[in-house]
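Presented below is the structure to which this report refers.
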Amino acid sequence: MTKTDMIKEAAQIQQITQKEAARYLDFFLSQITEELKAGKEVALPGFGKFSTKITAARTGRNPITGEVLDIPAKRKVVFKAQKALKEAVQ
């Protein structure tokens, strides 16, 4: 499902325009993004939890040339599905 598909589906179910549905979805996604940028977690009961994790700097190797590379530390997004979601998908 793409973002456009989701907007169309939400608009139909909620009986609102696609423009309104797009605004709601954009707001929802921007709120999650802002919370993660601030280093906070976003928990959606029955669905899962979004959080960030810092990966340590490390040394890697280019598999083709064998050249040693320094990989810097970075913050990445992590999602952990809750039990209800896991069971619904099985």
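If you go through segment 8-40 and keep only what is under 27 Å from K76 (Cβ atoms), assigned to a helix (DSSP H, G or I) and among the aliphatic types (A, V, I, L, M), you end up with L25, L29, I32, L36. Of the strands (runs of 3 or more DSSP E) lying entirely inside segment 41-82, the ones with 2 or more residues being within 19 Å of Q31 (Cα to Cα) are found at 42-44, 48-55, 74-81.
Inspect all residues belonging to segment 17-39 and state whether any of them is on the phi < 0 side of the Ramachandran plot, of a type in the set (F, W, Y) and assigned by TED's automatic domain parsing to the domain that holds K76. No, that holds for no residue.
Scan segment 1-48 for residues that are in contact (Cβ under 8 Å) with a residue 12 or more places away in the chain, small (G, A, S) and either exposed (fewer than 13 other Cβ atoms within 10 Å of the Cβ) or in contact with a strand residue (DSSP E or B) (Cβ under 6 Å, 6 or more places away or on another chain) (or both) and jot them down. Once the filter is applied, which keeps residues that are in contact (Cβ under 8 Å) with a residue 12 or more places away in the chain, small (G, A, S) and either exposed (fewer than 13 other Cβ atoms within 10 Å of the Cβ) or in contact with a strand residue (DSSP E or B) (Cβ under 6 Å, 6 or more places away or on another chain) (or both), segment 1-48 yields G39, G46, G48. Take the conditions (1) within 29 Å of D70 (Cα to Cα); (2) in contact with a Lys or Arg (Cβ under 6 Å, 6 or more places away or on another chain); (3) of a type in the set (K, R); K49 misses just one of them, which is (1).
The values are calculated or read from the model by the stated rules, or taken from the named source; none is laboratory data. Just so it is clear, the structure is predicted and the values come from calculations on it, not from any experiment. Positions of Cβ are generated from backbone atoms using ideal geometry, with glycine treated the same way; all protein chains shown enter the neighbour counts.
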